[in-house]
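What follows draws every value from the coordinates through simple rules; no lab data is involved. Predicted model only: the values in this text are computed from it and were never measured. Cβ placement follows ideal geometry from the backbone for every residue including glycine, while neighbour counts extend to all protein chains displayed.
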């Protein structure tokens, strides 16, 4: 049976403050406390996801302030205004 190519893993050496490791250990789920590597991977994935959400939220906020986007949204609202009075409920 053939397997796909092996996953690429990069090894990095980092110096971490002992206090940070203590904090991390105190909040880590029990199943991850014994596997520091998995805990670091999980933490970095959560960090990346949080940063991407922040970037997206900032981009959406900038769009909301953009006069061209506001004009386009107003035009779309006007185009669909007739459907708002179609007699159907707002649920």
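Between residue 63 and residue 24, the distance separating the two model label sites (each 7 Å from Cα on the Cα→Cβ line) works out to 3.6 nm. Relative to the longest principal axis of the Cα atoms of the chain, the long axis of helix 67-79 lies at roughly 50 degrees. Principal-axis analysis of the Cα atoms of the chain puts helix 36-65 at an angle of about 20° to the longest axis. Here the sum of -39500 (n - 2.57) over DSSP H runs of 4 or more residues, divided by the residues of the chain, equals -20500 deg cm²/dmol at 222 nm, to the nearest 500. Taking Cα atoms only, the orientation of helix 18-27 departs from the longest principal axis of the chain by about 60 degrees.
Hydrodynamic analysis of the range 21-83 uses the Kirkwood radius over alpha carbon pairs. Inserted into Stokes-Einstein at 37 °C and 0.692 mPa s, it gives a translational diffusion coefficient of 214 µm²/s.
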